[in-house]
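Following: one structure in structure tokens, then a few remarks.
The values are calculated or read from the model by the stated rules, or taken from the named source; none is laboratory data. Just so it is clear, the structure is predicted and the values come from calculations on it, not from any experiment. Positions of Cβ are backbone-derived with ideal geometry, glycine not excepted, and every protein chain shown enters the neighbour counts.
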């Protein structure tokens, strides 16, 4: 069982765990309260890692650049208005400290629940993907990445992914109307940034992405579900 340490990877992993757990909970003997607790933790982590921190980090960078311009010039260059205050979405319900310790406790309960097997563990992301379990179902060939796409300014798209125990991921993309997939390369650490310019300058475009695990420079396992983002010029 691997719970990612990096915040972005943990956020993506927890989203997958939460969605899978909600479909498996009743059969494993867990309650709606258990499901809701995981959902609340996932919502808070999404808010903090995927919204609040990027917004404030971007605001800090803008203010640092503005300070340097005002302080050092050059003289005669346009200063412009002060950078706008960071804006975030509505905050979810507050959760108690200890998202990761709670996850470890829950996973320990799941693994001793009646009806648990490695197929369920693989769906939840709580078994090692390099090994085959007693039932023969949890294999490297079944490994499938989870990812999340977010459109940024300047037609860029940020792909956050969970690599688990693999070396990294291979990323492919296609734009609306394209038939084939284009390789964007591999990445060992989340997030991956797609900084390609749009086909038509100044216009938004729909981009699809899929990812596949990489182990020792070889692509392994299944392609991820397709994720989509619409760029912002």
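Please indicate, with yes or no, whether at least one residue in segment 1-11 is outside any helix (DSSP H, G or I) and more than 18 Å from residue 161 (Cβ to Cβ). There is at least one residue in segment 1-11 that is outside any helix (DSSP H, G or I) and more than 18 Å from residue 161 (Cβ to Cβ). Counting only residues that are outside any helix (DSSP H, G or I) and surrounded by 17 or more Cβ atoms within 10 Å (Cβ to Cβ), segment 19-58 holds 1 of them.
Of the residues in segment 65-93, how many are at positive phi and surrounded by 10 or more Cβ atoms within 10 Å (Cβ to Cβ)? Before you say what the answer is, go through the steps one by one.
Here is the first cut: in segment 65-93, the ones at positive phi are 73, 76, 80.
The next check asks that each one be surrounded by 10 or more Cβ atoms within 10 Å (Cβ to Cβ); those that pass are 73.
The qualifying residues number 1.
Scanning segment 206-225 for residues that are at pLDDT below 95 and either part of a loop (DSSP other than H, G, I, E, B) or over 20 Å from residue 162 (Cβ atoms) (or both) gives 216, 217, 221, 222, 223, 224, 225. Of all the criteria given as (1) buried (at least 19 other Cβ atoms within 10 Å of the Cβ); (2) part of a helix (DSSP H, G or I); (3) in contact with a helix residue (DSSP H, G or I) (Cβ under 7 Å, 6 or more places away or on another chain), the one not satisfied by residue 16 is (3). Annotation note: Cβ proximity below 6 Å between a residue of segment 208-233 that is at positive phi and a residue that is surrounded by 13 or more Cβ atoms within 10 Å (Cβ to Cβ) and part of a strand (DSSP E or B) (sequence gap 6+ or interchain) occurs for 221/213.
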